[in-house]
Amino acid sequence: MNKKFLIPMFAVLVLGSVLAVGYLVSSFVIQSDVYEPFSVEYAILGDGGNYDGELCSSLTDGDWLTLPSDSVVDVQGLYAGESRKFCVRITNAGEGDVDYTISSKVKTGFGNYDDCVMAFPETTKTGTTLGLSQSIDGEVIEVPDNAPVVEDCLVEISVSRG
């Protein structure tokens, strides 16, 4: 007896839930692109000698290089205890503040990978570039005193956003 009432009642509930959707009055769709807000330039302090504490902010426009991705810049050799400072100038063309990360990482290259990692410890630095402005930042890479002798290490200096 209960089944006679249950099946029609279930049908009424299902039909009611389908019809209970709101009435659409109006809608629209946007189409947009996302542009790269960053242009990045690099400079190396201490090239041809040990880094001596010069600030990245003291560089002039002629000191900065625009490098295509995956460029290889040969800084010749470094002795144990020597360092270089890699400066980065980020120009944010957008109006929003955007976070960035500067990192150095040993890539698989010509040298012995494990010895290269010991000679060039990986580093990471973060910051924020305000909208419609520039940020100048940098990171010192120092060869430890106990670094092994190794040739042709590839150290990737990268800037990522977000």
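The values are calculated or read from the model by the stated rules, or taken from the named source; none is laboratory data. Quantities reported herein were computed from a predicted structural model and do not represent experimental measurements. In this analysis, Cβ positions are derived from the backbone assuming ideal geometry, glycine residues included, and neighbour counts consider all displayed protein chains.
Quick look at the numbers
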{"quantity": "Residues of the stretch 1-52 that turn out to be modelled with pLDDT of 90 or more, surrounded by 10 or more Cβ atoms within 10 Å (Cβ to Cβ) and either part of a loop (DSSP other than H, G, I, E, B) or touching a helix residue (DSSP H, G or I) at 6+ places or on another chain (Cβ under 8 Å) (or both), as a count", "calculated": "4"}
{"quantity": "Some residue of the stretch 67-77 being surrounded by 14 or more Cβ atoms within 10 Å (Cβ to Cβ) and either modelled with pLDDT of 95 or more or among the hydrophobic types (A, V, I, L, M, F, W, C) (or both)", "calculated": "no"}
{"quantity": "Check on G162, under 19 Å from the mean Cα position of the chain (by Cα) and surrounded by fewer than 12 Cβ atoms within 10 Å (Cβ to Cβ)", "calculated": "yes"}
{"quantity": "All positions within the stretch 125-157 that are among the hydroxyl-bearing types (S, T, Y) and either closer than 15 Å to S57 by Cβ or at pLDDT below 95 (or both)", "calculated": "T129, S133, S135"}
{"quantity": "Breaking point among (1) more than 17 Å from I44 (Cβ to Cβ); (2) assigned to a loop (DSSP other than H, G, I, E, B); (3) hydroxyl-bearing (S, T, Y), for Y100", "calculated": "(2)"}
{"quantity": "The lone exception for R89 - which of (1) without any contact (Cβ under 8 Å) to a residue 12 or more places away in the chain; (2) touching a helix residue (DSSP H, G or I) at 6+ places or on another chain (Cβ under 8 Å) it fails", "calculated": "(1)"}
{"quantity": "Output for the stretch 140-153, where each listed residue is of a type in the set (D, E, K, R) and either part of a loop (DSSP other than H, G, I, E, B) or touching a Phe, Trp or Tyr at 6+ places or on another chain (Cβ under 6 Å) (or both)", "calculated": "D145, E151, D152"}
{"quantity": "The listed residue being modelled with pLDDT of 95 or more and under 17 Å from E156 (Cβ atoms), out of T91, T101", "calculated": "T101"}
{"quantity": "Qualifying position, being acidic (D, E) and either touching a residue at least 60 places away in the same chain (Cβ under 8 Å) or part of a loop (DSSP other than H, G, I, E, B) (or both), among E95, E156", "calculated": "E95"}
{"quantity": "Count of the stretch 69-92 residues which are farther than 18 Å from E142 by Cβ, not in a strand (DSSP E or B) and not β-branched (V, I, T)", "calculated": "4"}
